[in-house]
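Peer 1: Mind looking over this structure? Questions follow.
The values are calculated or read from the model by the stated rules, or taken from the named source; none is laboratory data. All figures in this text were calculated on a predicted structure; none of them were measured in a lab. Here the Cβ positions follow ideal geometry from the backbone for every residue, glycine too, while neighbour counts run over all protein chains shown. All accessible areas refer to the heavy atoms of the entire protein, side chains included, with ligands and DNA or RNA removed. Shrake-Rupley method; radii C 1.70, N 1.55, O 1.52, S 1.80 Å.
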Amino acid sequence: MKNQEIAKILYEIADLLEIEGVEFKPRAYRKAAQNIESLSVDIEELYKKGQLEKIPGVGKSIAEKIKEYLETGKVRKLEELREKIPVDIESLSAVEGLGPKMIKVLYEKLGVKNLDDLERVAKQRRIRRLKGFGEKLEKKILEGIEIARQRQHRFLLGFVLPEANAIMEELKPYVEKISLAGSIRRRKETIGDVDILAVSSQPEKVMDIFTSMKRVEKVLAKGITKSSVRLHGGIQVDLRIVGKESFGSALQYFTGSKEHNIEVRKIAIKLGYKLNEYGLFKGFERIAGRDEKEVYKALGMQWIPPELRENRGEVEAALNKSLPKIVEYDEVKGDLQMHTKWSDGANTIEEMVIEAKKLGHKFIAITDHVGSLKIAGGMDEEKVMEQAKEIEKLRERFDDIYIFHGIEANIMKDGSLDVSNSLLKQVDVVLASVHSAFRMEEKDDSPRNKSDRK
DNA sequence: GCCGTTTTCGGCCCGACTGTTTTCAGTCG
């Protein structure tokens, strides 16, 4: 699916147009990008059916660019913009406090094109001398560079997992066993790269297929036991093929985390064994390895769900047979935080209800933004009342799932909520979130200071 | 560049905060 890739291209066009000082178009491109990002169907399918313009926010011109990309792999407009403004917008704007306008000044006055350039001029104290910049900003930028660098190479689980599953599906006909490993198997929030482990009697064939998938942008390495590719969109995927007698121990080893593995290996040593990716050994004898559960069992431990393998006490708990039970998807009975088209969500309430039912939910709470957060579609009181009526109607139609009516209110700088008490009384659920004033000092706003305020 | 139970042209959600200023521009959500 190229949805993410196309969204990324549109975001980049938006950023570059914004640097150029073009009005309104950036917003149009971003809106289209957002909608494409959250599309549940493959954009290529829509293109084949000639339905690109059915995507909200996509009109003639953007549809044309999507078409161009799908057919040629390029978008001329973007190439032109990049030529005119050759800066790495994505990483530069990841620096907290840096937006298009400042990036433009930094490029034009100091030739800053990427994070390395930025770091150099910041350290040379040249930023503070620019008009509109100052010492504080320079320091803030310097602090932000590291964070931006770390963030750069990681991808959200929700983006990566469907891609990884699709790859496994492609490989399945040629393997006897296959599994995700690494942080994606541990279901970490963000993923550096994807690890896949397989057993196959025809490794060459598997590697051929893996490295020639349509989604591959570049083959980084190709061998019989290990190959690495980079996908369109930048995610790196490693595929390892191991012997079936070692699949379990390899899975254990490559799933990690590193800290977890160190602890588990210590247990093995204590028992007089040796644990590596090839198996659990007593001298030269392999006493486990084929199956991951068997490895933990041989060490006198409960099998530990990957999500818990972070060396936060799970090893001791597994030894004592006192691992906590993980909540499974089918045990999740509801969701108390949901946005819809009434504020900044992508779907109607009805669509959310239908989807929630599919997930087996027994209740949901619709909690759209209210009040001052207008950019996220913050509703006023009147609109909340309108929404209440719609929810009431839906409750009648869907009697096997309960729809709570909630709101997401904003916690203001003084600690108050930006909604009236009467509104609070009207709804079932109130979420309160901080959406502004993130950089306050602790002393800045204790309640006792409140009386001093206007 | 998109969109339209106010509009096919003319709008395009707002408000708070910060750091730079001496009244504002840029960023963020």
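Peer 1: Probe radius 1.4 Å, ligands and nucleic acids left out: which of A:342, A:303 has the largest accessible area, and how do the rest follow?
Peer 2: I get A:303, A:342, largest accessible area first.
Peer 1: Let me ask something else. By average Cβ neighbour count within 10 Å, what is the ranking of A:176-185, A:222-231 from highest down?
Peer 2: The peptides rank, most packed first, as A:176-185, A:222-231.
Peer 1: Could I ask something else about it? What fraction of the DSSP beta bridges in chain A is antiparallel, stated in percent and rounded to the nearest 5?
Peer 2: Antiparallel bridges make up about 50 percent of those DSSP assigns within chain A.
Peer 1: Rounded to two decimal places and with Rh computed the Kirkwood way over Cα pairs, what is Rg over Rh for the stretch A:155-241? Working shown, then result.
Peer 2: Numbers: Rg = 11.8 Å, Rh = 12.7 Å.
Answer for the stretch A:155-241: 0.93.
Peer 1: Work out the charge dipole of chain A with +1 on the Cβ of Lys and Arg and -1 on the Cβ of Asp and Glu about the Cα centre, then indicate which of A:73, A:278, A:424 is farthest towards its positive end.
Peer 2: A:278
Peer 1: So, counting K/R as plus one and D/E as minus one, what does the shell of residues with Cβ under 13 Å around residue A:420 add up to?
Peer 2: Net charge around residue A:420: -3.
Peer 1: Averaging the inverse of every distinct alpha carbon separation and then flipping it gives the Kirkwood radius. What is it for the stretch A:330-447, in angstrom units? Write down the numbers at each step before the final one.
Peer 2: Numbers: mean 1/r = 0.0664 Å⁻¹.
About 15.1 Å for the stretch A:330-447.
Peer 1: Sticking with this structure for a sec: List the relative contact order of the stretch A:155-241 as a percent without decimals, with contacts defined as Cα pairs under 8 Å and 6+ residues apart.
Peer 2: This gives 26 percent for the stretch A:155-241.
Peer 1: So what is the calculated 222 nm ellipticity per residue for chain A, using -39500 (n - 2.57) for each DSSP H run with n of 4 or more, over all residues, to the nearest 500 deg cm²/dmol?
Peer 2: Details: 19 runs with 196 residues, N = 454.
The helix contribution divided over chain A gives -13000 deg cm²/dmol.
Peer 1: Related question: From the gyration tensor of the Cα coordinates in the stretch A:5-56, what semi-axes in whole Å does the equivalent ellipsoid have, largest first, with each one equal to sqrt(5λ)?
Peer 2: Working through the eigenvalues yields semi-axes of 23, 10, 9 Å.
Peer 1: Report, in debye and to the nearest 20, how large the dipole of the stretch A:85-198 comes out about its Cα centre when Lys and Arg carry +1 and Asp and Glu carry -1 on their Cβ.
Peer 2: 800 debye
Peer 1: Can you give the translational diffusion coefficient of the stretch A:164-210 in µm²/s, computed by Stokes-Einstein from the Kirkwood radius over Cα pairs at 10 °C and 1.306 mPa s?
Peer 2: Working: Rh = 11.2 Å.
This corresponds to a translational diffusion coefficient of 142 µm²/s.
Peer 1: Compute the distance in nm between two label points, each set 7 Å from the Cα along the Cα-to-Cβ direction, one at residue A:37 and one at residue A:393.
Peer 2: Modelled inter-label distance: 3.1 nm.
Peer 1: Let me ask another. With all protein chains present, calculate the accessible area of residue A:116 using a 1.4 Å probe and round the result to the nearest 10 Å².
Peer 2: Here the accessible area works out near 100 Å².
Peer 1: Hey, got the dipole for the stretch A:202-296? About the Cα centre, +1 on K and R Cβ, -1 on D and E Cβ, debye to the nearest 20?
Peer 2: Dipole of the stretch A:202-296, to the nearest 20 debye: 140 debye.
Peer 1: Separate question: Near residue A:288, within a Cβ-to-Cβ distance under 14 Å, what is the net charge of the other residues, with Lys and Arg +1 and Asp and Glu -1?
Peer 2: Around residue A:288, the charge tally is +2.
Peer 1: On a full-extension model of 0.36 nm per residue, what is the gain between residue A:424 and residue A:124, subtracting their alpha-carbon distance, rounded to one decimal in nm?
Peer 2: Here the answer is 102.8 nm.
Peer 1: Identify, among A:162, A:134, A:115, the residue whose Cα sits farthest towards the positive end of the charge dipole of the stretch A:104-188, taking +1 on the Cβ of Lys and Arg and -1 on the Cβ of Asp and Glu, with the dipole about the Cα centre.
Peer 2: Positive-end residue among those listed: A:134.
Peer 1: Could you check the spin-label model distance between residue A:218 and residue A:168? Points 7 Å from the Cα along Cα→Cβ, value in nm.
Peer 2: Label-label distance for residue A:218 and residue A:168, simple model: 2.8 nm.
Peer 1: Assuming 0.36 nm per residue, please report the length gained on full extension of the stretch residue A:358 to residue A:381 beyond their Cα-Cα distance.
Peer 2: Between residue A:358 and residue A:381, full extension yields an extra 5.2 nm.
Peer 1: Using the Cβ atoms and a cut-off under 10 Å, what net charge is assigned to the surroundings of residue A:190, where Lys and Arg are +1 and Asp and Glu are -1?
Peer 2: +2
Peer 1: If you don't mind, another one. Under 8 Å for C-alpha pairs, at least 6 residues apart: give me the relative contact order for chain A, rounded to a whole percent.
Peer 2: Reported as a whole number, the value is 7 percent.
Peer 1: Can you give the translational diffusion coefficient of the stretch A:1-98 in µm²/s, computed by Stokes-Einstein from the Kirkwood radius over Cα pairs at 20 °C and 1.002 mPa s?
Peer 2: On the way: Rh = 13.7 Å.
Here the translational diffusion coefficient equals 156 µm²/s.
Peer 1: Under 16 Å Cα to Cα from residue A:48, which lysines show up? Leave out anything in the same chain fewer than 8 places away.
Peer 2: A:2, A:60, A:65, A:67
Peer 1: Set the Förster radius R0 to 45 Å, insert the Cβ-Cβ distance between residue A:96 and residue A:72 as r into 1/(1 + (r/R0)^6), and round the FRET efficiency to 0.05.
Peer 2: 0.80
Peer 1: So what is the relative contact order of the stretch A:348-408, in percent, for Cα pairs below 8 Å that sit 6 or more residues apart? List each step's numbers first, then the result.
Peer 2: On the way: 61 pairs, mean separation 28.0, N = 61.
So the answer I get is 46 percent.
Peer 1: Ok, one more. Roughly how big is the stretch A:253-319's charge dipole about its Cα centre, with Cβ charges of +1 (Lys, Arg) and -1 (Asp, Glu), in debye to the nearest 20?
Peer 2: On the way: 12 positive and 11 negative charges, 58 e Å.
For the stretch A:253-319, the charge dipole is close to 280 debye.
Peer 1: For the pair residue A:310/residue A:109, report the inter-label distance in nm, with labels modelled 7 Å from Cα in the Cβ direction.
Peer 2: My value for the distance between the label points is 4.2 nm.
Peer 1: While we're looking at this one, here's another question. For chain A, max minus min Cα coordinate along each principal axis, in Å, sorted largest first?
Peer 2: Each principal axis gives a Cα extent; for chain A these are 76, 55, 55 Å.
Peer 1: If r is the Cβ-Cβ distance from residue A:416 to residue A:325 and R0 is 30 Å, what FRET efficiency results, to the nearest 0.05?
Peer 2: Once rounded, the FRET efficiency stands at 0.15.
Peer 1: At 1.4 Å probe size, with the rest of the protein present, what percent of the exposed accessible area of the stretch A:3-151 is carbon and sulfur atoms?
Peer 2: Working: 4070 of 8630 Å².
Ligands and nucleic acids excluded, carbon and sulfur reach 47 percent.
Peer 1: Given a 1.4 angstrom probe, what's the average accessible area per residue across the stretch A:37-96, in square angstrom?
Peer 2: Accessible surface, normalised per residue, equals 60 Å².
Peer 1: Answer with one residue from A:19, A:105, A:303: the one whose Cα lies farthest towards the positive end of the charge dipole of chain A, charges on Cβ with Lys, Arg +1 and Asp, Glu -1.
Peer 2: Most positive-ward Cα: A:105.
Peer 1: May I ask you to derive the FRET efficiency for residue A:60 and residue A:23 from their Cβ-Cβ distance with R0 = 25 Å, giving the value to the nearest 0.05?
Peer 2: Plugging the Cβ-Cβ distance into 1/(1 + (r/R0)^6) gives 0.80.
Peer 1: Next up: Kirkwood Rh over alpha-carbon pairs of the stretch A:253-319, then Stokes-Einstein at 10 °C and 1.306 mPa s: what D in µm² s⁻¹, rounded to an integer?
Peer 2: 136 µm²/s
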